[in-house]
Amino acid sequence: MQETSGQSRWHALTPWLFMLPAMLLFAVYVIIPIFQSIWISFFDWDGIGDKVFIGFGNYAELLEDPQFWTSLWNNVLWLIFYMLAVPIGLGVALFLNQQVLGIRAVKSLFFFPFVISQVIVGVVFSWFYDPSSGLLQDIIGVFGFEPLPILASESMATYGIIAAGLWPQIAYTMILYLTGLNNLSPDQIEAARMDGAHGWSMLWKVIIPQLRPATFIAVVVTVIGALRSFDLVATMTGGGPYGSTSVLAFFMYEQSIFSYRMGYGAAIATVLFLLMLLYIAFFLWRMLRAERG
Amino acid sequence: MFPTPIQQTSRLTQISYKVALPLTILIWLLPLAAIMMTSVRSIADINAGNYWGWPEQWMLIENYTEVFARTNMGRYLLNSVLVTVPVMIFSVGLATMAGFALAKYKFTGRIAIFAVFIGGNFVPFQILMIPVRDLTIQTGLYDTIWALIIFHTAFQTGFCTLFMRNFIVGLPDELFESCRLEGASEWQIFTKIVLPLVRPALAALSVLIFTFIWNDYFWALVLVQSDEVRPITAGISALRGQWLASWQLISAGSIVAALPPVILFFAMQRHFIAGLTLGATKG
């Protein structure tokens with residue numbers, strides 16, 4: 001009897017031992033820092049000296065800071081326009097979902113901007129937009145327009161950066177949809193064809209509902225990409241001109257690393273985190289609901 | 001199949017499709033082509049505005065040699081390898097163990113722990129930045145390769161655990177039961193049964209992690225600062241500051257930096273896409 005109960009206790013411990021290293025690392029470097037950051041956001045702190053508790057002082061200051069509103073607004077623009085990656089990705093996937101000679105190569109060529117670092121994407125598009133000799137100027141020049149210094153313009157720069165971000169993101173959503181299209185049920189499509197559905201009505205009523213899992217993942221990764229946007233802003237404009245392209249992620253980095261305002265930076269990070277939390281909660285809810293049944 | 005296979009459409013549609021296909025890919029890759037053309041030009045060519053024309057001088061070897069000879073490009077590449085490879089091994093290893101536990105044992109808190117691993121993946125890096133940077137400074141790891149290795153391992157463990165758990169959950173339970181009846185220990189089951197069976201998933205996961213880590217920029221800015229440890233992404237952006245308008249060098253450097261993940265992708269495409277689209281068909 002003693003033996004068995006010892007063994008079963010050991011048995012109950014087994015999964016925890018398997019998880020221990022992963023849980024420990026994840027807790028120390030991911031979970032606990034979230035709470036620490038929220039805690040730091042209630043202090044005035046330069047990162048070296050003493051922390052001074054100021055309650056919601058940082059948040060009150062944020063509300064008054066025009067740079068915060070610009071950054072938040074730019075994140076909203078990112079969310080809206082980055083979402084174009086979902087329908088465009090679907091369009092490209094539909095276009096490429098054929099069996100012709102060399103289609104595999106075409107699909108990989110379409111996809112591979114996604115595997116390139118965003119820093120490089122930033123370089124590629126900075127050159128593309130370059131006002132003195134960039135390709136874009138040559139193209140619009142054909143139509144008789146003057147060169148547009150996109151990244152130097154306060155009103156256009158953010159759109160220019162988002163367009164650069166769409167390039168790899170469309171590649172990503174496209175591959176999700178191609179996989180989805182591969183897994184369509186041929187029976188349902190045939191049945192719908194029998195009923196006279198084709199073209200748009202087929203797409204709306206039969207195909208898109210079946211692609212729901214792909215759409216869901218595409219929306220989730222696009223939202224997260226939009227809220228995480230940092231690399232492109234940092235490499236293409238560094239937040240400029242005059243802070244007009246800053247996003248919350250970049251604003252936070254700037255305040256903490258360059259202005260030594262850790263408490264203020266933590267408050268910005270907390271706002272960004274709360275925005276993301278809405279989506280994380282939604283995603284987890286869907287995921288766990290599917291898990292249960 | 002949707003849309004209708006092109007073979008079943010009119011001759012005109014078929015021809016226009018075959019024309020449109022290469023044309024679209026050309027337009028799609030135009031910005032990249034521009035960088036590639038620029039990387040073989042001379043500075044005189046660029047200053048003269050010769051953007052699409054035939055290069056006056058082919059500077060392929062000169063430009064790429066200069067990138068390696070005059071800068072720390074070689075060092076940056078090596079640093080990226082030194083960070084990326086250990087992270088791949090550690091995070092996939094830890095996640096296989098954790099994923100096995102979450103997939104094949106019933107215990108209270110299982111769903112909650114799984115949810116934490118998934119949720120943790122999506123947090124913005126900025127909410128982790130200040131505490132992780134502090135911890136790294138306190139442990140004396142700031143500005144060392146280990147700062148990046150440990151953080152990336154920890155963070156990627158979340159995604160890897162989700163991935164491995166979903167793979168292992170599909171393995172048949174009978175396999176594990178029969179081994180237990182034969183008296184195998186749980187650790188033996190893990191090494192003798194689970195590890196060989198997860199090999200296809202390991203390939204997919206490893207190429208994904210390689211790409212994520214190789215392309216990381218934020219943590220390369222936050223956790224290290226000297227040239228001796230700087231990975232390629234941070235290296236390139238530092239070089240841009242030095243080279244200013246030397247676009248032929250920036251272009252060549254960027255291509256060198258992009259090459260490893262691109263080569264890996266083309267070599268392991270099937271695994272890469274299988275990993276990335278996990279969940280796109282169900283869930």
Given a 1.4 Å probe, how much area per residue of the stretch A:66-292 is accessible, in Å²? 41
Considering only protein heavy atoms, with the full assembly of protein chains and a 1.4 angstrom probe, order A:H198, B:H271, A:H11, B:H152 by accessible area, largest first. A:H198, A:H11, B:H271, B:H152
Quick one: what Rg and Dmax do you get for chain A from the alpha carbons, in Å? 24.5, 91
Any chance you could look up the accessible area of B:T191 with a 1.4 Å probe, heavy atoms only, rounded to 10 Å²? 50
Accessible area in square angstrom per residue, the stretch B:6-67, 1.4 angstrom probe: 60
Suppose every K and R has +1 on its Cβ and every D and E has -1 on its Cβ; what is the size of the dipole of the protein assembly as shown about the Cα centre, in Debye to the nearest 20? 1640
Protein accessible surface hidden between A and B, which excludes ligands and nucleic acids, total in Å², probe 1.4 Å: 9300
For the stretch B:1-137, restrict the atom set to alpha-carbon positions and state the Rg and Dmax in Å. 25.9, 71
Given charges at Cβ of Lys, Arg, Asp, Glu: the protein assembly as shown dipole, positive-most of B:A203, B:L60, A:A191: A:A191
So what are the radius of gyration and Dmax for the Cα set of the stretch A:122-178, in Å? 13.2, 39
Kirkwood Rh over Cα pairs of the stretch A:203-256 into Stokes-Einstein at 10 °C, 1.306 mPa s: D in µm²/s? 121
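Can you give the longest stretch of chain B with no exposed loop site, where a site means trypsin sites (Lys or Arg not before Pro) in a DSSP loop (not H, G, I, E or B) with at most 16 other C-beta atoms within 10 Å?
Values: sites that count: B:K106, B:K282.
Within chain B, the longest run free of exposed trypsin sites (Lys or Arg not before Pro) spans B:107-281.
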Of all alpha-carbon pairs in the stretch A:7-119, indicate the percentage at a distance above 17 angstrom. 79
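Calculate, for B:M36 and B:E177, the FRET efficiency according to 1/(1 + (r/R0)^6) with r their C-beta to C-beta distance and R0 56 Å; round to the nearest 0.05.
Details: r = 56 Å, r/R0 = 1.01.
With a Förster radius of 56 Å, E is 0.50.
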Enumerate the helices in chain A for which the Kyte-Doolittle hydropathy averages -1.0 or more and the C-alpha atoms extend at least 20 Å along the helix's axis, using complete DSSP H runs. A:2-26, A:66-82, A:157-182, A:212-228, A:262-292
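With N set to the residue count of the stretch B:6-67, report its C-alpha Rg divided by 2.2 N^0.38 Å to two decimal places. Working shown, then result.
Working: Rg = 17.9 Å, N = 62, 2.2 N^0.38 = 10.6 Å.
Relative to the rule-of-thumb radius for its length, the stretch B:6-67 sits at 1.70.
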If you roll a 1.4 angstrom probe over the protein chains with everything in place, what fraction of the accessible area of the stretch B:72-276 belongs to carbon and sulfur, to the nearest %? 65
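Working with all protein chains in place, sort B:M36, A:M262 by solvent-accessible area computed with a 1.4 Å probe, largest first. Mind showing how you got there, number by number?
On the way: B:M36 105, A:M262 20 Å².
Of B:M36, A:M262, the descending order of accessible area is B:M36, A:M262.
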Find the centroid of the Cα atoms in the stretch B:158-180 and in the stretch B:114-132, then give the distance between the two in whole Å. 25
Treating the angle as unsigned and between 0 and 90°, give the value, to the nearest 10°, between the Cα long axis of helix B:11-28 and the longest Cα principal axis of chain B. 80
Put +1 on the Cβ of each Lys and Arg and -1 on the Cβ of each Asp and Glu in chain A; which of A:A266, A:M174, A:F114 then has its Cα farthest toward the positive end of the dipole? A:M174
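Of all alpha-carbon pairs in chain B, indicate the percentage at a distance above 34 angstrom. The partial results should precede the final answer.
Working: 16001 of 39903 pairs.
Counting every Cα pair in chain B, those more than 34 Å apart make up 40 percent.
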How large is the Kirkwood hydrodynamic radius of the stretch B:115-215, in angstrom, based on all distinct alpha carbon pairs? 16.1
Could you check which residue among A:P66, A:P15, A:P33 shows the biggest mean-square fluctuation in a GNM of chain A with a 10 Å Cα cutoff? A:P15
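Which of A:K205/B:K18; A:K107/B:K104; A:K205/B:K104 have a Cα-Cα distance over 32 Å? If you can, show how the numbers build up before the last one.
On the way: A:K205/B:K18 28 Å; A:K107/B:K104 37 Å; A:K205/B:K104 39 Å.
From A:K205/B:K18; A:K107/B:K104; A:K205/B:K104, over 32 Å: A:K107/B:K104; A:K205/B:K104.
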Charge context of B:L148, other residues only, Cβ under 11 angstrom, K/R +1, D/E -1: -1
Evaluated at q = 0.12, 0.15, 0.16 Å⁻¹: base-10 log I(q)/I(0), Debye formula over Cα of the stretch A:129-253: -0.67, -0.82, -0.85
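The values are calculated or read from the model by the stated rules, or taken from the named source; none is laboratory data. Keep in mind that what you see is a predicted model, and the values were worked out from it rather than measured. Ideal geometry is used to build each Cβ from the backbone, glycine not excepted, and the neighbour counts take in all protein chains shown. For the accessible areas, the whole protein counts, side chains as well, though only heavy atoms, and no ligand, DNA or RNA atoms are used. Shrake-Rupley method; radii C 1.70, N 1.55, O 1.52, S 1.80 Å.
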